[in-house]
Amino acid sequence: RAAATPQYLAGLNPEQREAVETLDGPVLVLAGAGTGKTRVLTTRIAHILSQGRARPGEILSVTFTNKAAREMKHRLGQMLGHAVEGMPWLGTFHSIGGRILRVHAELVHLKSNFTVLDVDDQIRLLKQLLQADNIDDKRWPARMLAGLIDGWKNRGLTPAQVPSGEAAVFGNGRGGKLYAAYQARLKILNAADFGDLLLENIRLFREHPDVLRQYQGRFKFILVDEYQDTNVAQYLWLRLLSQAPSQSLPGLTRQSVVSPEDGSPGLDASRRPGDDALTKNISPPKNICCVGDDDQSIYGWRGAEVDNILRFDHDFPGAKVIRLERNYRSTGHILAAASHLIAHNEGRLGKTLRTEDVDGEKVTVTGCWDSEEEARGIGEEIEQLQRAGEKLNEIAILVRASFQMREFEDRFVTLGLPYRVIGGPRFYERAEIRDALAYLRLINSPADDLAFERIVNVPKRGLGDATVQMLHEIARKRQIPLSEAARAVVETDELRPKARGSLRALLDSFDRWRVQRETMPHTELVEIVLDESGYTEMWQKDRSADAAGRLENLKELVRSMEEFENLQGFLEHISLVMDRDGGPDEDAVSVMTLHSAKGLEFDNVFLPGWEEGLFPHQRALDEQGRAGLEEERRLAHVGLTRARRRAKLYFATNRRIHGSWSTTIPSRFLDELPAHNVEITESKGGSGWGGTGGYGPSRFDNVESFGSSYATPGWQRAQANRGRGGFNEAGTPYNASRSKSKHAPLTIDGELVAKS
Ligand code: ATP
Ligand code: MG
């Protein structure tokens with residue numbers, strides 16, 4: 001049969017092939033980075049189709065990002081040598097959930113043209129509800145509630161299922177009630193928020209078993225990438241879909257599938273809200289194939305549960321677990337460094353990874369004086385790579401926090417080096433940065449109507465659409481800018497007193513800021529503006545997951561202004577940055593966060609900012625226990641394993657975080673790299689300090705004399721560790737086995753479902 005082996009199977013190793021060809025029954029591919037998990041999934045779809053086992057529309061394939069879904073579609077076309085007619089259901093959990101929900105919207109009291117609310121709409125709606133309930137939104141900000149609701153939805157909890165203890169944390173026990181009111185309001189508005197795309201879909205399946213059966217019947221094959229990062233809601237949704245439809249579900253009445261009434265679903269790790277009559281005793285399970293890597297679980301902070309992957313055996317009895325051990329992506333040194341680093345985590349399954357590739361270049365570690373030198377150094381290295389014939393498309397900069405991007409983006413604009421930001425807007429295009437810039441533009445130019453409109457009611461100051469509408473009319477009639485119209489209107493009684501007062505206060509503020517601009521440095525001015533306008537405070541009160549990042553970005557904005565003489569110069573620079581935009585095909589450096597780099601690969605990967613407090617992030621360090629730190633380490637591992645041929649780590653000894661300079665300690669993760677695979681190099685960033693052409697960590701003595709009380713003990717330890725090989729800081733051998741305490745046996749109703 002060898003001759004008949006289809007082309008797409010030819011290059012696979014035996015384990016990969018097994019994963020592709022085992023079409024019947026559940027399959028879990030549990031394997032490290034770069035071992036071909038995603039490739040296996042894509043090939044599996046090709047195989048299913050070419051074997052005629054299912055039509056495209058009978059295959060459900062879930063990816064973590066939309067980009068990954070597009071990539072998979074593209075690869076599939078290549079593998080089959082023709083475009084697939086009628087595409088598989090290929091997308092993220094939310095996009096597929098949304099698609100199903102539209103078809104059956106009426107059943108969950110929506111219309112098929114329902115709107116998907118963005119965060120702003122969501123906040124506005126919640127504010128109204130708080131007002132109606134006389135809840136002080138200073139004390140209990142709408143954004144906090146939004147964050148809570150989002151968390152509940154990630155865990156698959158409907159309002160009735162939110163444990164009372166958790167509902168109590170908001171508005172003196174009114175959290176659950178508000179969540180319910182919010183859901184009711186969404187229905188009236190014919191709207192759903194992002195989390196609903198999945199949650200309402202789950203409800204639909206639970207309350208309408210006939211609909212569920214229809215989809216169970218349709219999807220003959222289910223495939224899931226990045227399974228380690230699924231949250232409870234996604235898990236429930238998958239479990240519902242992955243049951244065989246032919247079985248008449250025993251005891252499945254409407255009654256029994258509605259939410260379990262035990263009061264605390266999801267709280268106790270041993271019980272899941274889906275572990276009810278619906279998913280029990282039903283066999284055989286579907287042809288589901290999940291692939292993942294526990295060492296790459298990096299979305300715990302967003303409710304992902306790595307335990308899902310550990311419970312696969314139980315959820316899908318008879319599952320075949322396949323391990324892939326050959327890494328096809330990275331050269332020897334990079335893989336060794338990454339494997340050694342992740343071995344410092346206790347809570348892991350542990351796995352072997354080998355490469356048959358050459359050792360290649362060692363992982364480099366470069367110390368810089370500050371982040372500016374870091375950006376310069378990396379810029380320099382990139383130009384060097386470019387001269388050596390490397391494609392910019394094969395170069396990526398992966399940062400821990402989005403604020404770090406700013407310095408690189410500015411540097412690239414200066415160098416004329418094309419770049420693109422992946423997985424998010426460019427720094428100056430982020431919402432919070434645009435808001436702040438709008439304030440500055442309006443100070444600079446009172447006639448800037450776009451800026452005026454953007455911030456007139458941000459933060460909310462009671463100047464809603466009606467007011468803006470009125471200003472527009474006046475402005476149009478008299479051919480004047482909006483801010484002048486505003487000036488005219490506050491002299492009349494056209495606005496209600498409250499709005500008038502608020503508008504007058506805003507105009508007064510701008511007058512004051514324009515005067516201050518003449519006498520104070522622009523960096524000071526911007527702080528005053530963000531402060532007095534209430535803009536910073538708006539984000540400080542925000543409890544959503546990204547609020548802290550936004551505040552960091554605002555600080556970084558202030559910092560970026562230092563490089564310009566005055567406000568005018570800065571704003572001109574911004575318009576230049578905003579202006580350049582290559583097409584998608586342009587050869588360009590990719591800049592992104594480590595989180596959005598998941599699943600991707602590049603020949604050359606730069607990893608800046610490996611410093612304590614930044615990476616691992618302070619939030620993780622402040623956390624009790626090891627969980628936060630271990631997630632950071634997995635993130636570092638994800639970063640390193642993105643690299644095919646070169647991985648280049650950087651740290652700066654001085655960094656401005658949260659607005660003030662501090663001397664930093666190189667990341668403990670640098671300590672944890674194996675000396676044999678690492679080379680310490682000097683920064684090419686120029687000036688450096690003491691005129692010595694950059695601080696290289698090879699000059700440790702200088703660091704001491706530099707007078708910092710921190711004196712980079714990390715790197716001194718690193719030196720010492722080099723002799724000690726496989727021992728961690730405490731002097732104990734690395735323990736690659738899973739910690740017992742974290743993974744105590746899981747039981748459901750006394751039944752053992754996962755061994756530790
Ligand atoms: P990650 O965990 O980072 O998502 P992965 O396990 O999904 O990694 P892939 O992205 O599928 O790994 O594969 C990594 C690289 O190795 C890709 O470039 C892929 O094309 C290549 N590769 C995988 N299997 C083979 C093979 N059998 N022969 C040659 N190249 C392979
Ligand atoms: Mg992958």
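The values are calculated or read from the model by the stated rules, or taken from the named source; none is laboratory data. Because the structure is a prediction, the values reported are computed rather than measured. For neighbour counting, all protein chains shown are included, and Cβ atoms are generated from backbone atoms with ideal geometry for every residue, glycine included.
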* within 30 Å of GLN131 (Cα to Cα), in contact with a helix residue (DSSP H, G or I) (Cβ under 8 Å, 6 or more places away or on another chain) and in a loop (DSSP other than H, G, I, E, B) - does that describe any residue in segment 442-452? -> no
* **Residue that is under 25 Å from VAL638 (Cα atoms) and buried (at least 22 other Cβ atoms within 10 Å of the Cβ), where the choices are GLU390, GLU407** => GLU407
* **Residues satisfying the stated conditions in segment 171-223, i.e. under 24 Å from the mean Cα position of the chain (by Cα) and farther than 22 Å from GLY57 by Cα** => ALA192, ASP193, PHE194, GLY195, ASP196, LEU199, GLU200
* Could you list, in sequence order, all residues of segment 19-37 that are under 21 Å from GLY639 (Cα atoms), assigned to a loop (DSSP other than H, G, I, E, B) and more than 10 Å from ligand 1 (Cβ to nearest atom)? => none
* Structure fact -> Checked segment 613-653 for anything touching a Cys at 6+ places or on another chain (Cβ under 9 Å) and either within 14 Å of ligand 1 (Cβ to nearest atom) or farther than 19 Å from MET405 by Cβ (or both); matches are THR653
* Of the criteria (1) part of a loop (DSSP other than H, G, I, E, B); (2) at pLDDT below 90; (3) in contact with a Phe, Trp or Tyr (Cβ under 8 Å, 6 or more places away or on another chain); (4) within 30 Å of VAL62 (Cα to Cα), which one SER544 fails -> (3)
* Does LEU60 meet the test of being closer than 20 Å to GLN234 by Cα and within 12 Å of ligand 2 (Cβ to nearest atom)? -> no
* Only one of ARG517, ARG500 that is more than 30 Å from ARG550 (Cα to Cα) and touching a helix residue (DSSP H, G or I) at 6+ places or on another chain (Cβ under 9 Å) -> ARG500
* For the subset of segment 9-28 comprising residues that are within 15 Å of ligand 2 (Cβ to nearest atom) and touching a strand residue (DSSP E or B) at 6+ places or on another chain (Cβ under 8 Å), which member is nearest to ALA54 (Cα to Cα)? -> ALA19
* Starting from segment 4-33, take each residue that is under 28 Å from VAL306 (Cβ atoms) and list its partners that are within 12 Å of ligand 1 (Cβ to nearest atom) and hydroxyl-bearing (Ser, Thr, Tyr), counting only C-beta distances under 7 angstrom and pairs at least six apart or across chains. => LEU12/THR43; VAL20/THR43; ALA33/THR641
* Asked: Is it the case that some residue within segment 124-146 is of a type in the set (Asp, Glu), modelled with pLDDT of 90 or more and surrounded by fewer than 18 Cβ atoms within 10 Å (Cβ to Cβ)?
  -> no
* Structure fact -> Picking from VAL526, VAL458, the residue that is touching a residue at least 60 places away in the same chain (Cβ under 8 Å) and farther than 22 Å from SER560 by Cα would be VAL458
* **Counted residues, segment 285-308 - those being within 16 Å of ligand 2 (Cβ to nearest atom), at pLDDT 85 or above and not polar (S, T, N, Q)** => 9
* Output for segment 138-167, where each listed residue is assigned to a loop (DSSP other than H, G, I, E, B) and more than 28 Å from the chain's Cα centre (by Cα) -> LYS138, ARG139
* Asked: Would you pick out the residues in segment 454-490 that are more than 13 Å from ARG500 (Cα to Cα) and β-branched (Val, Ile, Thr)?
  -> ILE455, VAL458, ILE474, ILE480
* Quick check: anything in segment 29-52 away from ligand 2 (no atom under 16 Å from the Cβ) and under 15 Å from CYS290 (Cβ atoms)? -> no
* To do: Evaluate the following for PRO245: is it at pLDDT 50 or above, in a loop (DSSP other than H, G, I, E, B) and more than 32 Å from the chain's Cα centre (by Cα)?
  => yes
* Output yes when any residue across segment 389-400 is touching a helix residue (DSSP H, G or I) at 6+ places or on another chain (Cβ under 6 Å) and assigned to a helix (DSSP H, G or I), and no when none is. => no
* Just need a number here: residues in segment 63-90 that are within 16 Å of ligand 2 (Cβ to nearest atom) and more than 27 Å from ALA10 (Cβ to Cβ). => 4
* To do: Please find, within segment 95-115, the residue that is surrounded by the fewest Cβ atoms within 10 Å (Cβ to Cβ) out of those that are in contact with a helix residue (DSSP H, G or I) (Cβ under 7 Å, 6 or more places away or on another chain) and modelled with pLDDT under 85.
  => SER112
* Would you check which residues across segment 41-69 are within 15 Å of ligand 1 (Cβ to nearest atom) and within 24 Å of the chain's Cα centre (by Cα) and list them? => LEU41, THR42, SER61, VAL62, THR63, PHE64, THR65, LYS67, ALA68, ALA69
* Structure fact -> With the first residue restricted to segment 214-227 and required to be within 22 Å of MET72 (Cα to Cα) and within 16 Å of ligand 1 (Cβ to nearest atom), and the second required to be assigned to a strand (DSSP E or B) and of a type in the set (A, V, I, L, M, F, W, C), Cβ contacts under 6 Å at 6 or more apart or on different chains are LEU223/CYS289; VAL224/VAL62; VAL224/CYS290; ASP225/VAL291; TYR227/CYS290
* Asked: Within segment 31-40, is even one residue of a type in the set (Gly, Ala, Ser) and surrounded by fewer than 23 Cβ atoms within 10 Å (Cβ to Cβ)?
  -> no
* Asked: Is it true that GLN479 is without any contact (Cβ under 8 Å) to a residue 12 or more places away in the chain, on the phi > 0 side of the Ramachandran plot, out of contact with any helix residue (DSSP H, G or I) (no Cβ under 6 Å at 6 or more places or on another chain) and not acidic (Asp, Glu)?
  -> yes
* Asked: Is it the case that ALA69 is without any contact (Cβ under 8 Å) to a residue 60 or more places away in the chain, buried (at least 18 other Cβ atoms within 10 Å of the Cβ) and out of contact with any Phe, Trp or Tyr (no Cβ under 8 Å at 6 or more places or on another chain)?
  -> yes
* To do: Those residues that are within 16 Å of ILE474 (Cα to Cα) and among the hydroxyl-bearing types (Ser, Thr, Tyr), I need them from segment 485-529; list them, please.
  => THR492
* Go through (1) farther than 23 Å from HIS94 by Cα; (2) assigned to a helix (DSSP H, G or I) and name the single condition LEU126 misses. => (1)
* Single unsatisfied condition, GLU383 versus (1) over 30 Å from GLY625 (Cα atoms); (2) more than 26 Å from the chain's Cα centre (by Cα); (3) surrounded by fewer than 19 Cβ atoms within 10 Å (Cβ to Cβ); (4) at pLDDT below 90 -> (4)
